[in-house]
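For reference, the structure discussed in these notes is given below.
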Amino acid sequence: MTIKDIREGLNKNDFSVVEITNFFIDKIKKDKSGSFITISEKLALELANNSDKDISLGIKKDLLGIPFGIKDNIAVKNVLYTAGSKMLENHKSCYDAEVIEKLKKNGSVILGKLNMDEFAMGSSNESSFFGNVSNPHDPERVAGGSSGGSAASVALGLSVFSLGSDTGGSIRQPASFCGVVGLKPTYGSVSRRGLISLASSLDQIGSLTKNIDDSISVFKVISGRDPLDSTSKETDKKIKEIDFSKIKIGVPKEYFIDGIDPRIEKMIKDCIDKLYKKGIEIKEISLPHTKYALPVYYIIMSSEASTNLSRYDGLRYGFNKKEKKDIIDCYFNNRGDGFGLEVKRRIILGTYCLSSGYKDAYYNKAMKIRNLIENDFNDAFKEVDIIISPTCPELPFKIGEKNINPVSMYLSDILTVTANLSGIPAISMPCGKINNLPVGIQLMGNKFEDLKMLEIAKYFEKIWK
Amino acid sequence: MIEKDEFNKITNLARIFLTEEEKDVIFNDFFKIINYVDKIKEVKTDKVSLKEINTSSSLRNDNAIKSENGIDLVKSFNNKEGFLKVNRVIKKKNE
């Protein structure tokens, strides 16, 4: 069911918001994929009741009565707020994130909190304290991460849309693996207030939906300046008319790399060919610093994460081990027991990159190369409107396959991290299947041209169907 | 190549306790990861400035405002009779 389907059903009185909410809650309770950590049944029915009242009064809002799920690193007042970690296993939020305030005002219905890699560190949803999320198309394979629960829940029809977060591909990669649409908006277009920080200069809240229309609907509601998030900016909510015959597509040669699955490469190139046959101009472009993007990303992300996660010491909230001698012992033990292996690995990497003697060679150097990567995109968007690439170099892999070598896991993000480093919007949409496993195609747009990118994606969606 | 002593110093700085097994696993992974990220040394950045993150002004007048979630914040502490209980920092005289 899409947002349009639910709206039509509500308008025709086929069902009420309470009835459709109960339908989803029953489905979630029977689900075995591991998508949900918390089902907020009481809150859902309370919001559904309010939405039914609004509908009976003739009130019209974009997402009125639409049930959705929320990645568990986004705050919902009085609901468990775990970030997929033992460290916050029993922690409840005392406030709503800005995006949640906006969606509540719009009459949307919160179904529950979705499973994720611990503290959003991962590309497979295997590092969650609350267990794996299995791929809806093959339960022996991963759903992707870190927004694995968000992607799987939409693919399985457990929620109409979901919210996720994307620091290096954590919405787009699971969207590709689960066969749904995943949008990472421009950095700053959606408030991060209430999002548990991983890497503050890279994190962005976005959506997972069944189609591009739904993506547009959600973006219009959640985007915009928040005075309590100084990195957020006003966004343009009006869709400008686009002459599709005049748009130019850039295909970066560096994104068709050694190591990409040749079947995925062929599928993406077939999609580009369909656009060419429709008369759309296709241009090969170069983003020369692409090969440094992943190492730059991991240095910056882990450095910022090591700082952001230093607040988790068990003193004011979170996991607190009872036996300890003094404050230092307390820090070591709470953090040692509260964090999983991948989180520890990245905190240690970040601490190293920021430590005396290494900060210049790693963090400062990485931030300079980041400037070069951003300039590559600035130059490219002087010539083209949209850049197209595969979302992932591989199909969804088997659960446990990549646990031995962390670098092989990190390579899953190789095609997605550049959008986060440069702050541009990017979206993954399904473009076909290989051996019944979904393949995602990625579109990237210029900064704050999210709606333009989405309209072009909608046009392409019809061509690729 | 990072030495084990240096690795231990970093884990100390991070204030994270590692079991012996975790130390071995993460230390071995660390070498692979550093080897991979060292690729950035290939890039000349002498004339490149550091990336700046643009923020809007977040300053407001320094007025006291009633916090709606002040009571809720206290509820999420390790709370004893409305006070935040923290671990002792200064050791007792006889310890």
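Summary of computed values
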read-out	value
The protein assembly as shown: calculated mean residue ellipticity at 222 nm from DSSP helix runs of at least 4, using -39500 (n - 2.57)	-11500 deg cm²/dmol
Equivalent ellipsoid semi-axes - Cα gyration tensor, the stretch A:21-92, angstrom	26, 15, 10
Cross-link table A:86/A:433; A:60/A:248; A:266/A:462; A:210/A:344; A:92/A:368, entries beyond 27 Å C-alpha to C-alpha	A:86/A:433; A:60/A:248; A:210/A:344; A:92/A:368
Cα convex hull of the stretch A:190-325, projected area averaged across orientations, nm²	13.8
Relative contact order (%) - criterion: Cα under 8 Å, at least six apart; region: the stretch A:288-444	27
For the stretch A:153-244, alpha-carbon Rg over 2.2 N^0.38 Å	1.10
Nitroxide proxy distance, nm - points 7 Å out along Cα→Cβ at residue A:360 and residue A:436	5.8
Gain upon complete extension [residue A:382, residue A:236; 0.36 nm per residue less C-alpha separation]	50.5 nm
Gyration tensor (Cα) of the stretch A:377-465, equivalent ellipsoid semi-axes in angstrom	26, 18, 8
Peptide B:16-23, shielding by other chains (average Cβ, 10 Å cutoff)	5
Chain A, relative contact order [Cα under 8 Å, separation at least 6], %	17
At R0 = 41 Å, FRET efficiency that the Cβ-Cβ distance of residue A:257 and residue A:32 yields, to 0.05	0.70
Sorted by Cβ neighbour density within 10 Å, fewest at the top, the residues A:128, A:146	A:128, A:146
Phi-based couplings in Hz for the stretch A:190-200 (Karplus 6.51, -1.76, 1.60; Gly and Pro marked x)	10, 4, 9, 5, x, 8, 5, 6, 9, 10, 4
Label-point gap, in nm, between residue B:12 and residue B:32 - each point 7 angstrom along Cα→Cβ	2.8
Average partner coverage of A:269-280, which counts Cβ from other chains inside 10 Å	0
Under the Debye formula (equal points on every Cα, no solvent term), log10 I(q)/I(0) of the stretch A:244-319 at q = 0.12, 0.17, 0.18 Å⁻¹	-0.59, -0.80, -0.85
At 1.306 mPa s and 10 °C, Stokes diffusion of the stretch A:1-59 via Kirkwood alpha-carbon radius, µm² per second	128
The protein assembly as shown: translational diffusion in µm²/s, Stokes-Einstein, Kirkwood Rh over Cα pairs, 37 °C, 0.692 mPa s	136
Pairs of Cα atoms farther than 20 Å apart, the stretch A:82-218, %	40
Förster-model FRET efficiency, 45 Å R0, residue A:57 and residue B:62, C-beta, rounded to 0.05	0.60
For A:333-345, mean number of other protein chain Cβ atoms within 10 Å	4
Alpha carbon convex hull of the stretch A:18-147, projected area averaged over orientations, nm²	8.0
Rel. contact order, % - alpha carbon contacts under 8 angstrom, at least six apart, the stretch A:110-168	30
Label-point separation, residue A:375 to residue A:282 (7 Å along Cα→Cβ), nm	3.1
Computed FRET value (nearest 0.05) for residue A:462 with residue B:73, which takes r as the C-beta separation and R₀ as 45 Å	0.35
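Just so you know, all these numbers are worked out from the coordinates, no wet-lab data involved. Being a predicted model, the structure only gives us computed values, none of them experimental. Cβ coordinates were reconstructed from backbone atoms using ideal geometry, including for glycine residues, and neighbour counts include every protein chain displayed.
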